[in-house]
1. For ARG412, ARG669, give me the order by solvent-accessible area with a 1.4 Å probe, most accessible first, ignoring ligands, DNA and RNA.
2. For ALA351, what charge total do you get from the other residues with a beta carbon under 13 Å from its beta carbon, if Lys and Arg give +1 and Asp and Glu give -1?
3. Under 15 Å from the Cβ of ALA785, count the other residues' Cβ atoms, weight Lys and Arg +1, Asp and Glu -1, and hand me the total.
4. Against the empirical 2.2 N^0.38 Å scaling, what ratio does the C-alpha Rg of region 97-157 come to?
5. Taking the mean number of other Cβ atoms within 10 Å as a proxy for protection, how do you rank 254-262, 711-719 from highest to lowest?
6. Under 5 Å between amide H atoms, partner at least 5 residues away or on a different chain: which partners does THR29 have, H built in plane at 1.01 Å?
7. Starting from the Cα gyration tensor of region 378-436, take the square roots of the eigenvalues, sort them a ≥ b ≥ c, and report rounded, prolate or oblate (rounded when a/c is under 1.5, otherwise prolate if a/b is larger than b/c, else oblate).
8. Using the Karplus curve 6.51 cos²θ - 1.76 cosθ + 1.60 with θ = phi - 60°, work out ³J(HN,Hα) for each residue of region 543-554 in order, rounded to whole Hz, and write x for Gly and Pro.
Amino acid sequence: SPKVVIIGAGVVGCSLADELTGRGWTDVTVLDRGPLFATGGSTSHAPGLVFQTNSSKTMSTLARRTVEKFLELGAFDQVGGLEVATTEARMAELRRKSGWARSWGIQARLIGPEECAALHPLLLPEAVLGGLHTPTDGLALALRAAESQAERASARGARFFARREALEILEHGGRACGVRTAEGDIAADFVVCCAGFWGAEFAKKLGLAVPLLPMAHQYATTGQLPGLPVAGLPILRHQDQDLYYRAHGDRLGIGSYSHRPIPVDMGSLAVDTADEPMPSMLPFTEEDFAPAWRASMALLPALAETKVEEAFNGVFSFTPDGFPILGEHRELPGLWTAEAVWVTHSAGVAAAMAEWMVDGTCGLDLHECDLNRFEQHALSPTFVAETSARNFIEVYDIIHPHEYRTVLRGLRTSPFHSAQQELGASFFEGGGWERPAWFEANAPLLAELREGGTRIPERDGWSDKFYSPISIAEAAWTRERVALYDMTPLTRYEVAGPGALSLLDRLTTNVVDKPVGSVVYTLMLDERGGVRSDLTVARLGAHTFQVAVNGPLDFDWISGHLPDDGSVTLRDITGGTCCVGVWGPLARALAQPLCPDDLSHEKFRYFTALRTYLGAIPVTLLRVSYVGELGWEVYASAEHGRALWDVLREAGREHGVIAAGRVAFNSLRVEKGYRLWGTDVTTEHTPAQAGLGFAVRMGKGDFIGRAALAEAPAPPTMLRSLVFKDPDAVVLGKEPVLVAGSPVGYVTSAGWSATIGRCIAYAWLPAETPIGAEATVDYFGAELAAVVSAEPVVDPEMARIKR
Ligand code: FAD
């Protein structure tokens, strides 16, 4: 069995020791700088509330698995969870949340004020509009869970050492090979850092980045409330005031996020708490608690009978996107991390980590939590501090799925940015890039559509946010004329060298050994046959390929498979280049006069590439289209970007060229059935399940994931398209899908189609669901009727692209 050293004996480290030893890796050593098991870390005093339902399917699954395990360990008090609303907006949010619960298989029910008060008799029914009750939520007994898992791991051979600090990671041949402590070195094949909020500081000493910010969060316990039914109360969340509550015998515990963000400086903490048994417990700052106490008395009037008796500012981790940080460091293989994990997700995370370490992959999609998901700028101390503090403030806020970061905008802009600003672009952010969602300059096209009798649906207050119907006009224009789409943020790498072809052949499912000038759509799978990414591979030279991928995780995967002999180089060329999609029936009329080469359908076939010029600008043209129209992705060096944009705009004037945004782009790609990796498809799905079987050539020879696909059983679910019956019906994603009144699946993504005048959605449904089946989608409690339809909904003959 491999030697494993786990740094940190909090609930995460102990759970991981249990999971690894349970899988037969019994040579496990767990070190903690503090005593066992009240180590002084966050687990030592976590009140342990577990609300399972989250917008993320993965996080909800991790929570559900934690509950199941803690129940089995006798470390869970299943008192139920109650989340109350005091505003209409929150009530709507609870309706949306009850949809997520249905989507992810968690039983939850919306209830009225009286039933809220019946469940939680301290609560003033007049103060709330209603609530969401989840009977399987409750209280994790975090220390007991840590200790009992440690006992089980010890019985299987694991060793736990108190007061043994990991000082350094030992390295050999570029891999982590052990841990240095004051008591001596411990050799290891795997080192896993489960150091909680110490994680960032520890990684920094090693020259590595773990983007988490330790923050203080207030927790107070009242005096006794004798004669009141406190014991056994459900856990309670009052998110409109950033508060939560639990019972401690006949006292009430109050947790508050309603104060200013209080980041913790690890340098001062180490000095200030050098002799403290509980470095994660800082002195209570009473003035920060005043609003929380007032709001608590308004909701729970019985608190007037008592006061706060014990209170502290507790420390735990926040991250730039609110997700944990899991996985192996790319810069130091052999060193893993499992940090910024709540008690809520701890056992689920540990099981997923153990599976990942032992089997090399994990059945659960972890891309949201992967340590290597961050772009370079997101690792900067400034970014980590500002976004994590923002996450603290917004921890209980109602966040729209199309709402994007407001702090630290403008970090990455394409060369077309100023031109887009001049056209009134409304920007959103993704991967640090400013991306146009739609352009005010196109408002007259919308007016024209309306005048021409096209019915533009009325949206409700929620789906109308971060949205403009101008995007419908942009999409319609793309299908009729020609539009420019800024594709610069599309991550692209150059894979070059004599070994490039065989590397790509092994990593991907389709045949990439095609003549220079070919473009191939293909997939990267993990060893289980799950889809890790989809990509286009353009062969630009015998040994030079340009691959367009989904983001940093792909860099991680490809670089992890580079041959040792130096025969392949991998270079991220995204920032030094730009890309504009020129798409629509008039794309050729626009581009041909600018180009010395023949762009006719016969000479420049679909899925081929050409290095040429547009005007005086050197470009690479790829004849592909994610929107399902004639045209090209035009790549140029970044310094030529603005000139390229101007040349295209000028040449396009006579054809009515417009700039179009991401919302139009999304609706067009949904019409064409093109999947969005990470949203529609993840590692949890095989290509066939996801409708991507056409990109797999089982006969081409071996590739990663092939053996698993060959043995894959018939899948229980399939990604299907739904077309809504009511032209005004709109969904945004993650809503539950019901067939004959029972939840059977969930929506992944959706877009309103200008071509068919209806919303089209993608949804995971039971494989046996036939085309033509009737389904409903639960959108904030309303049941919207839809039909499972054949794909793609628009232009199945590909006549629009191949002309
Ligand atoms: P920790 O418990 O902090 O363990 C990390 C361990 O690593 C520590 O024991 C530390 O001593 C050790 N360590 C660090 N560096 C080294 C080193 N170099 N060598 C050896 N050992 C080292 N979560 C919920 O899910 N629900 C809640 O209701 C909830 N409420 C909370 C309320 C408060 C006031 C606080 C502070 C946190 C709360 N949390 C809650 C968060 C939760 O407590 C933490 O996210 C969780 O306990 C983290 O567990 P961990 O094992 O990762 O970290």
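1. Ranking ARG412, ARG669 by accessible area, largest first, yields ARG412, ARG669.
2. Result for the neighbourhood of ALA351: -2.
3. Around ALA785, the charge tally is -4.
4. 1.70
5. Highest-to-lowest ranking by the protection proxy: 254-262, 711-719.
6. Amide H neighbours of THR29, under 5 Å, 5+ apart: VAL4, VAL5, ILE6, ARG159.
7. oblate
8. Couplings: 10, 10, 10, 10, 10, 9, 10, 9, x, x, 5, 6 Hz.
The values are calculated or read from the model by the stated rules, or taken from the named source; none is laboratory data. Worth saying up front: this structure is predicted, and the values here are computed from it rather than measured. Using ideal geometry, Cβ is built from the backbone for each residue, glycine included, and neighbour counts are taken over all protein chains shown. Keep in mind that these areas ignore ligands, DNA and RNA; they rest on the heavy atoms of the full protein, side chains included. Shrake-Rupley method; radii C 1.70, N 1.55, O 1.52, S 1.80 Å.
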